[in-house]
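Heads up: the structure comes next, in structure tokens.
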Amino acid sequence: MDATVEQRVAEVLQYLADKLGETRPDGSLLLQARLNRDDIAGMAGTTLESASRVLGRFKRAGLIDSGRQWISVQDRGALEELSAL
């Protein structure tokens with residue numbers, strides 16, 4: 001079975017958190033690379049539109065926070081659960 005877009009985006013965020021994440025005082029992991037949604041879409045093997053929808057859902061659910069060219073992983077455990085489905 002192929003992984004869903006949500007699973008692949010969660011896997012990409014976990015990978016980036018492992019490689020680039022800087023632990024913040026609140027326990028979140030800040031990815032301070034110059035990341036944009038197109039980069040994440042490419043790494044997840046999906047379209048920009050699909051990656052943007054998934055990232056928006058993740059942000060509304062409190063799993064991540066994001067801004068211009070940065071992402072903060074707020075709930076690593078939830079991302080792990082999503083990627084394991």
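The values are calculated or read from the model by the stated rules, or taken from the named source; none is laboratory data. Here the structure is a predicted model, which is why all the values come from computation and not from measurement. FYI the Cβ positions are ideal-geometry reconstructions off the backbone, even for glycines, and counts take in every protein chain you see. Quick note on the areas: whole protein, heavy atoms, side chains included, nothing else; ligands and nucleic acids left out. Shrake-Rupley method; radii C 1.70, N 1.55, O 1.52, S 1.80 Å.
Some notes on this structure:
- Backbone phi angles across the range 45-55, fed through the Karplus curve with coefficients 6.51, -1.76 and 1.60 (θ = phi - 60°), yield HN-Hα couplings of x, 9, 7, 4, 5, 5, 4, 5, 4, 5, 4 Hz in residue order; Gly and Pro are listed as x.
- Whole-percent pair-distance distribution, where bins are 10 Å wide, for the alpha carbons of the chain: 19, 59, 20, 1
- For the range 68-75, Karplus couplings with θ = phi - 60° (6.51, -1.76, 1.60), whole Hz, Gly/Pro x: 5, 6, 8, 9, 10, 7, 8, 9
- Average accessible surface for the range 38-85: 56 Å² per residue, computed with a 1.4 Å probe over protein heavy atoms with every protein chain in place.
- Calculated from backbone phi, Karplus (6.51, -1.76, 1.60) coupling profile of the range 36-43 in Hz, x at Gly/Pro: 10, 5, 5, 4, 5, 4, x, 5
- Within the accessible area of the chain (1.4 Å probe), percent carbon and sulfur: 47 percent
- Zone residues, the range 4-28, relative to R60, backbone N less than 11 Å from point 7 Å out along Cα-to-Cβ: none
- One equal scatterer on each Cα of the range 1-43, no solvent, Debye formula: the resulting log10 I(q)/I(0) at q = 0.20 Å⁻¹ is -0.67.
- Cα long-axis angle, helix 5-20 against the chain (0 to 90 degrees, to the nearest 10): 30 degrees
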